[in-house]
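Below is one structure, written out as structure tokens; comments come after it.
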Amino acid sequence: MTINWQEEAKKYRDDYLKDLKELISIPSVRDDEHATDEYPLGEGPTKALLKFLSFGKRDGFVTKNLDNIVGYIEYGSGDQTMAMQSHADVMPAGDGWQTDPFTMTEKDGNVYGRGTSDDKGPGLAAYYGLRILKDHGVTPKMKIRLIIGTDEESQWTGMKHYFDVEPEPTFGFSPDAEFPLINGEKGNSTYETTFGHTNGDAYTLKNFNSGLRLNMVPGNATAMVETDDNEGFVDAFTDFLDKNAVSGDIKATPNGIAVHVIGKQAHAMEPKNGVNAGTYMAKFLSQFNFEGAAKNFIRFIADKLHDDSRATKIGAAHVDDVMGDLTMNVGIMTFNEKDGGLVNTNFRYPKGTSDQEILDRLQTVAEKFGGTVKETENMGPHYVDPDDPIVKTLLHVYEAQTGTKDVQPEVVGGGTYARLMKRGVAFGALFPGTEDTMHQANEFQPINDLIKAMAIYGRSIYELTTK
């Protein structure tokens, strides 16, 4: 069968955008505070999953909901299963948006909104690629499943549940990254460093808050400080802003001086793309005579974590010829007089080092500041041989649909559901040269890119399951 994939994809443009608008309108951020039996991860993620499944049911696919935390849309039959793994949850919106993050806005050929790029837009493009096959009466030689998780941005609760109750797919891809193709993902480990709550008199740290999620570079940080030298403190902050790549504001309140630092959000897989407001806040505060655990909390961040995405200051730096640099993101930093201090660090590490080695290095440094470290999460590195047929097929399709030549697979620090399959890779939908706004304010994706991705996904499914 001969299908002009690009032309066919264009026919679905209006339907696709209508469905995407409905998905974007659901604020599907994990919300444990309001979790119920019906909504195990909060109302938003489940409603987004149900909306996605409703599209499949509407279009005549087999659908299945697994306990309101994961589900799939199925086409075809057979002993083998080709899977596409997407997610319907999104990161918190954060500040700095020029449009409503949960109202899809079309402007200058782009669609703006939380999830347009990560991962509702790409996931829906993969769904429409599958729909092209079905609408053309293509009969695959195996089972095809688009699996939709609801917790990719946190603990992968939904997708892990899928693998607990369903067989592992034979192979597949996750439309949750970038083109041309990602065949390797670094290890992903997270650590929690805690401090006491003691303070000083000349300068008292009442509270410190920065960060929304472990896998985001914090764009904002706030602190409340008590001191007898308000004028000197304010002058020092003004001078700090003049000399550093952040903005902010400061004001006196009945509870002390309120300090606000504004940086830039970014995805944790490359912290250099952001400006960490929390570590800059600690750098500012480190020039003052805090005492006790408050001082240790501030100095640990300022002296050992600030502006060091490669973790050289704690001695954990490592580079692999294939997988590249180890990276470190300081995602959440909090302190208050009752609970003390907490710093969450997230590492993306290549082969040649390990989560235990990172833990040992971090603990050695933290102990000098009175901190205690524990590992809270870890997934080892994932790698699929470039000679695997899935890699070769997908790269061939990408070249044929884009006109590019001699493209090569890549290794990244981001983590996708693909790593849960032995033969899983990440495949689109961000094209080379398109700005990456995942996890950032004003997240967007070019409409033409999404339609092009739909065509690429359609042909990819066809090549992988009918030949």
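The values are calculated or read from the model by the stated rules, or taken from the named source; none is laboratory data. Only a predicted model underlies this, so the values are computations on that prediction, with no experimental measurement involved. No Cβ is skipped: glycine too gets one built from the backbone with ideal geometry, and neighbour counts run over all protein chains shown.
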Would you mention how many residues in the stretch 297-314 are surrounded by fewer than 22 Cβ atoms within 10 Å (Cβ to Cβ) and over 26 Å from the mean Cα position of the chain (by Cα)? 2
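Going by the conditions given, is Ala252 assigned to a strand (DSSP E or B), among the hydrophobic types (A, V, I, L, M, F, W, C) and either surrounded by 21 or more Cβ atoms within 10 Å (Cβ to Cβ) or not assigned by TED's automatic domain parsing to the domain that holds Val373 (or both)?
Working: assigned to a strand (DSSP E or B): yes; among the hydrophobic types (A, V, I, L, M, F, W, C): yes; either surrounded by 21 or more Cβ atoms within 10 Å (Cβ to Cβ) or not assigned by TED's automatic domain parsing to the domain that holds Val373 (or both): no.
No: the conditions fail for Ala252.
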Members of the stretch 31-42 found to be under 20 Å from the mean Cα position of the chain (by Cα) and not in a loop (DSSP other than H, G, I, E, B), listed by number: Asp32, Gly42
Filtering the stretch 288-330 for residues that are without any contact (Cβ under 8 Å) to a residue 40 or more places away in the chain, β-branched (Val, Ile, Thr) and in a loop (DSSP other than H, G, I, E, B) leaves a count of 1
Could you tell me which residue of the stretch 444-462 is nearest to Met104 (Cα to Cα), considering only residues that are of a type in the set (Val, Ile, Thr) and buried (at least 24 other Cβ atoms within 10 Å of the Cβ)? Ile456
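Name the residue, out of Met379, Met333, that is at negative phi and at pLDDT below 95. Explain how you work it out, then say what you get.
Details: Met333 fails: at pLDDT below 95.
Testing whether each residue is at negative phi and at pLDDT below 95 leaves just Met379.
Among Val225, Val217, Val234, which is the only one that is surrounded by fewer than 18 Cβ atoms within 10 Å (Cβ to Cβ) and not polar (S, T, N, Q)?
Numbers: Val225 fails: surrounded by fewer than 18 Cβ atoms within 10 Å (Cβ to Cβ); Val217 fails: surrounded by fewer than 18 Cβ atoms within 10 Å (Cβ to Cβ).
Criteria check complete, one pass: Val234.
In the list Asn329, Asn273, which residue meets the criterion of being under 22 Å from the mean Cα position of the chain (by Cα) and surrounded by 23 or more Cβ atoms within 10 Å (Cβ to Cβ)?
Working: Asn273 fails: surrounded by 23 or more Cβ atoms within 10 Å (Cβ to Cβ).
None of the others qualify; the one that does is Asn329.
Under 29 Å from Pro92 (Cα atoms), in contact with a Pro (Cβ under 9 Å, 6 or more places away or on another chain) and either outside any strand (DSSP E or B) or polar (S, T, N, Q) (or both) - does that describe any residue in the stretch 349-370?
Within the stretch 349-370, the first condition is being under 29 Å from Pro92 (Cα atoms), and the residues that meet it are 349-350, 355, 358-359, 362.
Next, only the ones that are in contact with a Pro (Cβ under 9 Å, 6 or more places away or on another chain) stay: 349-350.
Now drop any that are not either outside any strand (DSSP E or B) or polar (S, T, N, Q) (or both), which leaves 350.
Yes, that holds for at least one residue.
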